[in-house]
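The values are calculated or read from the model by the stated rules, or taken from the named source; none is laboratory data. These numbers come from a predicted model, not from an experiment. Don't worry about glycine lacking a Cβ; one is built from the backbone with ideal geometry, like all the others, and counts go over all protein chains shown. We work out accessible area using only protein heavy atoms, side chains counted, and drop any ligands, DNA or RNA first. Shrake-Rupley method; radii C 1.70, N 1.55, O 1.52, S 1.80 Å.
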Amino acid sequence: MSIAAQPLTRLTEFDPEDEYRPEPEPEALPPAWLDGSTRIGIHTSIAGGHRNALETARKLGCNALQIFSANPRQWQGGSTRIPEVDAQAFRARRAELGLGPLVIHANYLINLASPQPMLRVRSIQAFHDEIVRGMSLGADFLVVHPGTRGEATCAQAVATVIESVKQASKRASLGGMRILLENTAGMGTCLSSRLEEMAEVLAGLNGFPVEVCLDTAHLFASGYDIRTEEGLAATIGQIENTIGLERVPVMHINDSKIPLGGRVDRHAHIGKGKIGAEAFRRILTHPRLSATPPQGLAGRVFIAEMPIDDPGDDRKNVAALWELAGLKDIAPAAEKGFSMLTAALKKKMDVQRAVEKRNAAALARREAEEIRKKSEERSLHFAGRLLRRSEAEKQMRRPASVGMTGLGDGAKGAKAFVIATKTAKHAESLPKPKRAASGKTAKRGGSTKKTKKAGGTSGAGKRRHRG
């Protein structure tokens, strides 16, 4: 039995269907927070780990959040990285919760405008580390204060900030993360309290992913009256004419304890400060400040940074923002009774504040006592100098001692001089005889004659006695 002959395949023939075509990478979907919905968050603590901040934001009824990537009030002592396993767990949990955008606030010690070389180099390195940690966590924005200019001019400080940002972002892939320069209240020599200064920095960083974060409390304290409807409209116009609203994706939504133009950074609870609840209602519902295109900017987020004085303050502030935005009914549900500040933590903080207050008072008393002692020492030293100078001047004015050569030493001479001086002063204090008139002089002359006559008689008697 023979096998049927099979037709031979021509090796030279090519079927296009057999060609290997790699599947194209699926296009990345835009993040959920760019859907045009209102995004409201709060600055949450990373105590116990970065993932805890995500859970805190969820429990407070937020759909966005801001965090520190490390301790904001101390230099990290070298490059500080977040372990990749922790960073990956953070990114995965954030995606599950649908929180966004994620804003990171940079270290408070960073001063990109510093004219001091050592501080500037340290600030650039610290900000570079912030960029690396932000990318590791998948942050969308990194907010930084430009810093203080010291003795430098505003123009010099602007140039320094531009160069510092360029240096810090070298060899650091920013990916989709954007750097945001935050406006300031204008305290001391802080840069960027004026919108024009911020516009100059942005112009110098043209081509870099750098935009702006505006803080309502800072705007108000630096002189922009966002409290009234007319003032808000004027401020929005100034923003448009300088930096542009399309370059303001993040707003820190804080009330102010400081009156208009006070130039001090002190945040208050929403509606409890100098700006007031009605002003925040206008801000949160203004079409130009919303997250809804075409008038608003998709993904714009409002972040609260108020102090937590009592348990529940954080939850109440978030709820107030949703209500003022007119979205109370569709806001994410908050966990009843939850707060970053627990009763136990508040008690511990109160004790710590009391200790710090006592220590500060004791230190102030010690410093005051030291100042008083130094002042007394200076006064005694000065009085001694004056006394010695006075004695020296008296010695120089005294006449040469006459008839005192018999005294054996300086002490006896000084004693004799004092006695002589007292005698002279006593003599000067005696009443001087009055000068007689011309008639009395004649009478005195007559009496002189009588005296002479009597004297003559007396002389004759003496002669008779002798005879």
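Can you give the FRET efficiency to the nearest 0.05 for Met349 and Glu23, using r as the Cβ-Cβ distance and R₀ = 60 Å?
Using R0 = 60 Å, I get an efficiency of 0.60.
Work out how much length Glu369 to Glu151 would gain on full extension: take 0.36 nm times their residue separation and subtract the Cα-Cα distance, in nm to one decimal.
Roughly 75.1 nm would be gained on extension.
Give me the 1.4 Å probe accessible area per residue for the stretch 164-284, excluding ligands and nucleic acids, in Å².
38
Run through the stretch 108-182 and list the GluC sites (Glu not before Pro) located in a DSSP loop whose Cβ has at most 10 other Cβ atoms within 10 Å.
When the GluC sites (Glu not before Pro) of the stretch 108-182 are filtered for loop state and at most 10 Cβ neighbours within 10 Å, Glu151 remain.
Roughly to the nearest percent, how much of the accessible area of the stretch 165-248 is carbon and sulfur, given a 1.4 Å probe?
The computed percentage sits at 48.
Would you mind pulling out the separation of the Cα centroids of the stretch 18-97 and the stretch 127-202, in Å?
22
How large a share of the accessible area of the stretch 24-157, in percent, is made up of carbon and sulfur atoms when the probe is 1.4 Å and the other protein chains stay in place?
55
Measuring from label point to label point, each 7 Å out along Cα→Cβ, what is the Gln167 to Glu96 span in nm?
4.3
Please report the carbon-and-sulfur percent of the accessible area for the stretch 285-361; probe 1.4 Å, protein heavy atoms only, DNA, RNA and ligands left out.
Carbon and sulfur: 58 percent of the exposed surface of the stretch 285-361.
Net charge within 11 Å of Ala106 by Cβ-Cβ distance, Lys/Arg positive one each and Asp/Glu negative one each, not counting Ala106 itself?
Spelling it out: positives minus negatives among the neighbours equals -2.
Which of the residue pairs Lys336/Lys357; Lys257/Lys346; Lys272/Lys316 have a Cα-Cα distance greater than 24 Å in the structure shown?
Long pairs (Cα-Cα over 24 Å): Lys336/Lys357.
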